[in-house]
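J.: After the structure tokens below, expect a handful of questions from me.
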Amino acid sequence: MTSPPARGAKFPLRLDEVGSAPNSSRAVLRPQRLLAHAHRDATRRIAPGGLGLDSDDVRMRMVQRLRGIGVVNEQVLEAMATVQRHRFVDSALVTQAYEDTSLPIGHGQTISKPSVVARMIELLFGGANARRGGHLGRTLEIGTGCGYQAAVLSAVSQHVVSVERLRPLHDKARELLAQMRPVHLRLVYGDGMLGHPPNAPYDSIIAAAGGDALPPAWLEQLAVGGRLVSPLRKAGTQQQVLVVVDRTEQGCKHTVFEAVNFVPLRSGLGT
Ligand code: SAH
């Protein structure tokens, strides 16, 4: 930041006419930054706390906050500590990447809040999945968006299929995730309301968008002993809640959890 001109100084200023503020360095007037430098400065990956976003510490702070709000599953916390969320958000927003906030990713969609991602994946670890030995098995995600949650899921699953109906988001996630090379992750451009039959059945299904009803395909593609977590609009209201469905030999058991606020689940493909 440049210091203001000294009181009484006339324009154009010469360097020797500018007084130094007490204790400031001598170079009070810095030359104008080249546009390219200014742009680089604007995208400098430094979190508000002064930590570089590539540093593990910045994610550990986020994990501490997740613990503080009651996330206890160590696999989930470890995955959240590993995946670099700032790589999934627009460069103008990177300094907010580790705050507990959802951020725009374009096309009217958002990256989910870290606390919501952690909460939903922790819920997936319940039911019969708790007996699977520390991973979620075969996982289906509906709504890839920027790919952040898909990356977290791939750290705790045997295999992940993630479906997105908006082509530009699918393409962007594909490009981003290719650089990170998460294992056993398949990105599909398609209507997630139909699930993804080629890899069914799934032990875990997670939706990042909520509709008025759970699409029948999801329940059909949920393995016996599998668990589904999804936002769902309460009938006759605008309020969404998280629902968990456990599929057993006898059928499906639904449990309703807290209120949430997800983007709408839409049918068909978008461009
Ligand atoms: N999983 C993302 C959040 C994405 S927001 C994260 O990691 O933060 C929800 C996404 O669901 C949007 O990209 C939206 O386009 C997508 N979506 C909505 N309806 C869908 C459908 N029927 N099939 C696939 N994706 C859908």
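Readers should treat all values here as calculations from the given coordinates under stated rules, not as data from a laboratory. All of these numbers come straight from a predicted model, not from anything done at the bench. So basically every Cβ, Gly included, is an ideal-geometry build from the backbone, and we count neighbours across all protein chains shown.
J.: Quick one: putting +1 on the C-beta of Lys and Arg, -1 on the C-beta of Asp and Glu, what dipole do you get for region 117-271 around its Cα centre, in Debye to the nearest 20? Walk me through the numbers before you get to the answer.
T.: Values: 16 positive and 12 negative charges, 27 e Å.
With Lys and Arg at +1 and Asp and Glu at -1, about 120 debye.
J.: Another question, then. For Val260, enumerate residues with amide H under 5 Å from its amide H, sequence gap 5+ or separate chain, H modeled in the peptide plane.
T.: Under 5 Å from the amide H of Val260 lie the amide H atoms of Gln240, Val241, Leu242, each far enough along the sequence or on another chain.
J.: Counting alpha carbon pairs within less than 8 Å and at least 6 residues apart, what relative contact order, in whole percent, applies to region 154-244?
T.: This gives 23 percent for region 154-244.
J.: For region 164-228, what is Rg from Cα atoms divided by 2.2 N^0.38 Å, rounded to two decimals?
T.: Working: Rg = 12.9 Å, N = 65, 2.2 N^0.38 = 10.7 Å.
Against the compact-globule rule of thumb, the ratio is 1.20.
J.: How large is log10 of I(q)/I(0) for region 139-266 at q = 0.11 Å⁻¹ when the intensity is taken from the Debye formula with one equal scatterer per alpha-carbon?
T.: -0.36
J.: Around Leu136, which amide H atoms from residues at least 5 apart in sequence, or from another chain, sit under 5 Å from its own amide H, with H modelled in the peptide plane?
T.: Close amide H contacts, sequence-distant or interchain: Ser157, Gln158.
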